[in-house]
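Here the structure is laid out as structure tokens; the discussion comes afterwards.
Read-outs: derived from the displayed coordinates by stated rules, not from any lab. As the structure is a computational prediction, the values presented were derived from the model and not from experiment. Neighbour counts are summed over all protein chains in view; Cβ atoms, including those assigned to glycine, are modelled from backbone coordinates with ideal geometry.
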Amino acid sequence: MLYVMLDSSGFGGIESHVLQLSLLLKDKKIPFKVVFISKASNHPLYPLLEKNQIEYFTSASFVHFSLLVQSHDILHAHGYKSSLWARCLKLLRRCRVLTSFHAGEFLIGRLAFYEWLNRSTSFLSTNFAVSDEIKSKVPFQCYVLNNFIHSIPPFVLRRRHTTFQVGFVGRLCHVKGIDRYLQLSNQCPTIKFHVFGDGEESNLLGSYPNIKWHGAVEDMSLHWNKIDLLLISSRAEGLPMAALEAMAYGIPVIGTKVGDLPLLVDTRWLVDEFDWSKLAWYILCFDSMTNKEWQACSKYSYIQVVTKFSGKQRWNILANAYGIKQ
């Protein structure tokens, strides 16, 4: 049995990655279960797993989970707590363990200590990182396995909105640059700005008149058609799932040149992280596009994901790491 482990209470990049990984495993008919190692009532990932008939359970007790795991099982952990659990189980049960590193931001306090412990014990597992930058922070052998989209919808050629619509998708926090996004909205008063997400800096939203806050949403597939452009204003990233998902729905992406985003997005649409204020000019450039010009950018974005960031491109690496014969 393959157990896909995560420690999670909300929905973000890790949870989106786990969902796409689960869809890929299901498509390949691999026996697996998703394991939440902390209890969270009404977790936004639960209904998405149920919708796709993916089995999951919660095991908040290490002892309880250790009784389920056998030597022939495979553990694929996401996040520092689940990775530490998995490596302890490798010592206890001699099972195969893989861990994925997702965190690209600079951490402080207790979280920094846990992430240091996670990296320091990574010699006990086969390790993947979602970007080269994150890989460089892991002191032991680690391979880059970029995020991917397995459930890519058919391309739909649609029209851009008459009033241009820009979106922010993610946690409302300093590292994701929600403060920058809000400042950019002030510089483009004729454009409508949307925010999908929640977090510790949600209190900033109230003083910006052309911002529509949707809160945390369970399934962005129901909302991508509301925007014409996704803006990544982050101070640090790995390879953001929000960008992959947006492009899979034909939404062009602009943003700061962080993590491995330049592998996904045309570098002409990116600015240096310290030069983020220039993104206002990019927003206005997209707003000035004709419908035909915007559609060309939409189609380019879709093709980029389909040809370079689908589950098919990642499966051989994962199958070898899992020890699955193809």
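Counting other beta carbons within 10 Å of each residue's own, what order do 161, 64, 76 fall into, fewest first?
So the ranking, lowest neighbour count to highest, is 64, 161, 76.
Can you tell which of 100, 71, 310 shows the greatest fluctuation in a Gaussian network model of the chain with Cα springs below 10 Å?
71
Enumerate the amide H contacts of residue 128 below 5 Å, restricted to partners 5 or more residues apart or on another chain; note that Pro and chain-start residues carry no placed amide H.
Placed amide hydrogens put 99, 100, 101, 143 under 5 Å from residue 128.
Relative to the present Cα-Cα distance, how much length would full extension add between residue 39 and residue 296 at 0.36 nm per residue of separation?
In short, 88.0 nm is gained.
When the C-alpha atoms of the chain are aligned to their principal axes, what extent does each axis show, in angstrom, from largest down?
60, 42, 36 Å, listed from the longest principal axis down.
Taking R0 as 45 Å, what FRET efficiency do you get between residue 284 and residue 114 from their Cβ-Cβ distance, rounded to the nearest 0.05?
It comes out at approximately 0.60.
Please give, to one decimal in nm, the separation of the simple spin-label points placed at residue 64 and residue 27, each 7 Å out from Cα toward the Cβ.
A separation of 3.3 nm, rounded to one decimal place.
For the chain, find the longest principal axis of its Cα atoms and tell me its angle to the long axis of helix 291-308, 0 to 90°, nearest 10.
Value to nearest ten degrees: 10.
Working from Cα positions, state the angle (0 to 90°, nearest 10) between the long axis of helix 80-93 and the longest principal axis of the chain.
Once rounded, the angle reads 20 degrees.
Would you please give the FRET efficiency between residue 187 and residue 9, computed as 1/(1 + (r/R0)^6) with r the Cβ-Cβ distance and R0 = 25 Å, to the nearest 0.05?
For R0 = 25 Å, the calculated efficiency reads 0.10.
For the charge dipole of the chain, defined by +1 on Lys and Arg C-beta atoms and -1 on Asp and Glu C-beta atoms about the Cα centroid, which residue among 224, 195, 130 has the Cα displaced farthest towards the positive pole?
Result: 130.
Cα centroid distance between segment 138-170 and segment 250-265, in Å?
Using only Cα atoms, the two centres lie 9 Å from each other.
Can you pick out the pairs among 278/308; 33/81; 33/312; 26/308; 33/226 whose Cα atoms lie more than 26 Å from each other?
Pairs exceeding 26 Å: 278/308; 33/226.
Apply the Karplus curve 6.51 cos²θ - 1.76 cosθ + 1.60, θ = phi - 60°, to the phi angles in segment 272-281 and return the couplings in whole Hz, x for Gly and Pro.
4, 4, 6, 9, 4, 4, 5, 4, 4, 5
Determine which residues of segment 44-79 fall in the zone a paramagnetic label at residue 94 would reach in this model, i.e. backbone nitrogen under 11 Å from the point 7 Å along Cα→Cβ.
Backbone N within reach: 71-72.
What nm value, rounded to one decimal, do you get for the distance between residue 312 and residue 268 when each label is placed 7 Å out toward the C-beta?
Each label point is offset 7 Å from its Cα along the Cβ direction, giving 2.8 nm.
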